[in-house]
Amino acid sequence: MPNVTYTAVVAGEAKDFDVTPAPSQWARSALAVLSNTRSADEPTPLYPCPLPGDSRVTLFVKDESQRPTGSLKYGLARSLLADALRRGRISEGMMLVDATSGNLAVAEAHFARLLELPFTAVVPRRTAAAKLDRILEQGGRWHPVEPPLAVYDKAAELAKETGGYYIDHLNTLGDAVDHDEQALAAEILSDCHRIGHSAPAWIVTGVGTGATSRAIGRYLRAHGYATQLAVVDPQNSAYFPGWASDCPDYATGMPSMIEGIGRPRIEPAFDYDVIDLVIPVADAASVAAMRHLQATTGRAAGPSTGACLFGALHLIDRMREQERTGTVVIVQGDSGQPYTDTFYNDNWIDAKGWDLTKPAAALARFTTTGAWDPPPST
């Protein structure tokens with residue numbers, strides 16, 4: 001929906017002003033559809049993760065894989081579209097386009113179908129077939145490009161050619177989550193209260209676009225909770241070195257190998273001011289920890305959750321050294337199902353050159369003795 005221009009006289013001089021018109025009847029109906037899905041949301045499970053040794057510190061996993069599209073990105077996708085509708089950027093029948101191939105693309109396709117809008121994900125040409133199939137299952141389409149970094153320009157171009165809307169999630173998620181995507185933090189705190197625990201000492205989540213940590217952190221700060229927020233960051237990603245060097249525009253130019261987290265640059269949605277700690281986690285450690293989680297709980301999660309678990313064990317060890325009591329909650333971004341042929345496949349891991357021996361041994365020692373002593377290389 002284009003802006004309306006009107007002219008007004010200010011201090012004796014005529015000036016033009018652009019005004020975003022109110023949402024159309026269709027847009028209001030679309031917003032109601034999205035609002036109804038929010039009302040229908042059920043709390044996701046909070047399940048315990050067993051810890052050896054004393055019980056002064058407890059660990060729980062908030063399982064966001066139980067969202068309707070199987071991941072944490074469900075709520076983020078809804079917020080992206082709701083924000084665009086409120087701003088008059090999406091109209092009836094318009095094609096939606098975004099440059100993403102993972103869980104966010106699946107969730108965007110899901111909501112586009114609910115609104116009876118076509119959706120195309122622009123993806124790197126070498127995107128795994130299983131990921132593309134998940135987009136198709138939700139009613140979306142995909143458009144491959146090469147090289148991988150061309151996805152952003154191609155998405156903008158495709159939206160322009162078709163008269164569609166480029167969601168551009170990396171640059172629009174910040175505003176979207178600020179409006180209405182802080183429910184996860186509130187739900188975690190409510191869960192802890194329900195089971196007789198005080199507010200967590202720490203919440204641990206991954207950082208990719210930066211939107212999830214932004215929403216959680218801003219909620220905690222706005223409501224005065226003492227809960228601290230840690231984010232985990234994989235190899236090649238810009239967030240940890242940027243945080244450690246106090247450089248908000250840090251960039252590595254290298255992609256992350258851990259699905260769902262890590263970026264070659266610090267994205268606009270990321271808010272350093274609400275983050276208490278950034279924990280670097282080696283890729284092999286993330287993979288070893290996701291497998292350890294399955295072995296100890298019977299629940300399969302993706303590699304970003306493995307990174308969260310590995311980071312959480314550092315925090316738990318620190319709390320025990322300081323003789324502190326409390327709860328640590330990690331956010332499980334998705335299930336292990338999409339990774340059966342990759343991160344859970346030994347041949348695939350070997351082809352990546354990852355040696356899981358040392359981090360797996362550290363996790364095994366922790367399970368047996370309660371001592372957390374990962375080697376420096378992890």
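Could you give the distance between the Cα centres of the stretch 150-212 and the stretch 51-78, to the whole Å? Measuring centre to centre over Cα atoms gives 15 Å.
What number, rounded to the nearest 500 deg cm²/dmol, is the helix-based mean residue ellipticity at 222 nm of the chain, given -39500 (n - 2.57) per DSSP H run of at least four residues and division by all its residues?
On the way: 13 runs with 158 residues, N = 378.
Calculated mean residue ellipticity at 222 nm is -13000 deg cm²/dmol.
List the pairs from Lys131/Lys160; Lys73/Lys160; Lys154/Lys358; Lys73/Lys358 whose alpha-carbon separation is above 30 Å, in the order I gave them. Each step should come with its number before you reach the end.
Numbers: Lys131/Lys160 26 Å; Lys73/Lys160 25 Å; Lys154/Lys358 42 Å; Lys73/Lys358 32 Å.
Over 30 Å apart, Cα to Cα: Lys154/Lys358; Lys73/Lys358.
Summarised in one figure, the compactness ratio Rg/Rh of the chain, Cα atoms and Kirkwood Rh, is 1.00.
Report the residue, chosen from Ala185, Ala238, Ala40, that carries the largest GNM mean-square fluctuation when the chain is represented by alpha-carbon nodes joined by springs under 10 Å. The residue that fluctuates most here is Ala40.
Roughly speaking, what is the stretch gain from Glu92 to Glu137, that is 0.36 nm per residue apart minus the C-alpha to C-alpha distance, in nm to one decimal?
On the way: separation 45, 0.36 × 45 = 16.20 nm, distance 2.24 nm.
In short, 14.0 nm is gained.
Phi-derived couplings, Karplus 6.51 cos²θ - 1.76 cosθ + 1.60 at θ = phi - 60°, listed residue by residue for the stretch 58-67: 10, 10, 10, 10, 8, 8, 7, 5, 7, 5 Hz, with x used for Gly and Pro.
Probe of 1.4 angstrom, ligands and nucleic acids ignored: what's the accessible area per residue over the chain, in square angstrom?
Details: 16670 Å² over 378 residues.
It amounts to 44 Å² per residue over the chain.
Per the Debye formula on identical point scatterers at the alpha carbon atoms of the stretch 188-296, with no solvent, log10 I(q)/I(0) at q = 0.14 Å⁻¹ is -0.59. Taking the protein heavy atoms of the chain in the context of the full set of protein chains, the accessible area attributed to carbon and sulfur is 51 percent at 1.4 Å. Here the Karplus curve 6.51 cos²θ - 1.76 cosθ + 1.60, taken at θ = phi - 60°, turns the phi angles of the stretch 265-275 into couplings of 9, 7, 7, x, 6, 5, 10, 4, 5, 10, 9 Hz, with x standing for Gly and Pro.
Taking the inverse of the mean 1/r over every pair of distinct Cα atoms in the stretch 250-304 gives a Kirkwood hydrodynamic radius of 13.1 Å.
What residue among Asn347, Asn103, Asn171 has the largest mean-square fluctuation in a Gaussian network model of the chain, using Cα springs under 10 Å? In this elastic network of the chain, the residue with the biggest mean-square fluctuation among Asn347, Asn103, Asn171 is Asn347.
The values are calculated or read from the model by the stated rules, or taken from the named source; none is laboratory data. From a predicted model like this one, the values you see are computed outputs, not experimental measurements. Note: accessible area is taken over every heavy atom of the protein model, side chains too, but ligands, DNA and RNA are not part of it. Shrake-Rupley method; radii C 1.70, N 1.55, O 1.52, S 1.80 Å.
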